[in-house]
1. If the cut-off is 28 Å between C-alpha atoms, which lysines fall inside it for residue 273, apart from same-chain ones fewer than 8 positions away?
2. Starting from the Cα gyration tensor of the stretch 189-274, take the square roots of the eigenvalues, sort them a ≥ b ≥ c, and report rounded, prolate or oblate (rounded when a/c is under 1.5, otherwise prolate if a/b is larger than b/c, else oblate).
3. Taking the Cα centre of the chain as the origin, how large is its charge dipole in debye, to the nearest 20, when only Lys and Arg (+1) and Asp and Glu (-1) carry charge on their Cβ atoms?
4. Report, to the nearest 10°, how far helix 6-37 tilts away from the longest principal axis of the Cα atoms in the chain, using its own Cα long axis and a range of 0 to 90°.
5. Taking neighbour Cβ counts within 10 Å as the exposure measure, how do 205, 402, 17 sort from fewest upward?
6. Is the C-alpha gyration tensor of the stretch 34-103 telling us rounded, prolate or oblate? Criteria: a/c under 1.5 is rounded; beyond that, a/b larger than b/c is prolate, otherwise oblate.
7. How far, in degrees from 0 to 90, does helix 147-178 lean away from the longest principal axis of the Cα atoms of the chain, to the nearest 10?
8. How much net charge surrounds residue 129 when only other residues with a Cβ under 11 Å from its Cβ are counted (Lys, Arg +1; Asp, Glu -1)?
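Values in this text are rule-based calculations from the coordinates and carry no lab data. Quantities reported herein were computed from a predicted structural model and do not represent experimental measurements. For neighbour counting, all protein chains shown are included, and Cβ atoms are generated from backbone atoms with ideal geometry for every residue, glycine included.
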Amino acid sequence: MPPLPPLPVTLLFAAALLLSLAVKFWLATRQMRHVATHRGAVPAAFAATVQLADHQRAADYTLAKGRLDLLSTAFGAATLLGWTLLGGLDALNQALLASVQPAFGNLAYQLGLLVAFSLIGMALDLPFELYATFRVEQQFGFNRTTPRLFVMDLLKNLGVGALIGLPLAALVLWLMGAAGTLWWLWAWGAWVGFNLLIMVVYPTLIAPLFNTFEPLADEGLKARVQALMQRCGFAAKGLFVMDGSRRSAHGNAYFTGLGAAKRVVFYDTLLAKLSPAEVEAVLAHELGHFKHKHITQRIVMVFGLSLVALALLGWLAQQPGFYAGLGVLPNIAHQSGAPNDALALLLFLLVVPVFGFFAAPLSALLSRRHEFQADAYACAQADGRALASALLKLHQDNAATLTPDPVYVRFYYSHPPASERLAALAMRGA
């Protein structure tokens, strides 16, 4: 196969970035116009159950988030150009090549490049996170995170990331340099094993660093949930309540863990808003995902796509045109003989989302189908009317708009909009 020339790489990347940016702005402005246009009246299907004030609050919340998303999208595209074609990653690499590599060796230099890139990226994203938390979420009554808690979470994330991420990164970099042309296959095996391990240890070792988990104390609800799980043939290690209200007023319920380590977790905010029958119905929906093997399908899909991605990276990492076409001078001519592995990883992680964006509608479509299937299962195992009322409560409490733009929905929504979901439940007698 002939070597990859730089110019086509540059042109393809620039075209994909501009097209994705144009599509993102088009979709976002469509969504905002559609929501604003329908702000003045509650949709007829919800006129008897939703107050105009709640509908308008949801519209205003959607518009506020949309404006911030537009700004962060534009900033993200500019940052990506800065890292790549404008030479930011190359400058960072050259600085570490001159300072870290001679004194500490190749592995320290490569890990240093990954760490420096990550820290700079976090610093660039921080203003948007602060504004989203302490302005947008605060304005609409959702934020309960204090500045101290925000800082503590940030430090904990950095610590956990270093404790877990650095050894994995070191292993992958070592494999890239020592395992020959099929390094990507070994790296994929290591990555899969790492993810499976995290699924097992996350509930008991990592999640408690950020939240408090207490056994479900409501005996009536516990008996109801256990009876549902027994009917569905599902076993879990425990039923827990998480202090989600510590950070946000949003509610949720989820399963976590793998195999015998599975746990059922309810946000305390969810239990405060829903009746026992509604909680049971929401949990039945989550059990539907397991019954239909949606979780397994998604894990297998992610693992399969990661194998393809690493195989592609294995080829691109050997192409000088891959680096030069994206604004980076590879280390091939460097007198120290420094490897390009960390550079290849970072460039790949920067570029893949640009092209992966165009597959978003397929992923969203599959997810929405899974949600309909899980709803149908919940109607068979619990009270469908309770599920419908729970979904409506959650939409209202989370200020989710009832009038999203249809095109925006098809591109982004992982869950069906309330109108479609409740209509499907009504057809089942809910």
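1. Output for residue 273: 65, 222, 237, 262, 291, 393.
2. Cα axes put the stretch 189-274 in the oblate bin.
3. For this selection, approximately 640 debye.
4. The angle comes out near 20 degrees.
5. Ordered from fewest to most neighbouring Cβ atoms within 10 Å, 205, 402, 17 come out as 205, 17, 402.
6. prolate
7. Long axis of 147-178 versus the principal axis of the chain: about 50 degrees.
8. The answer is -2.
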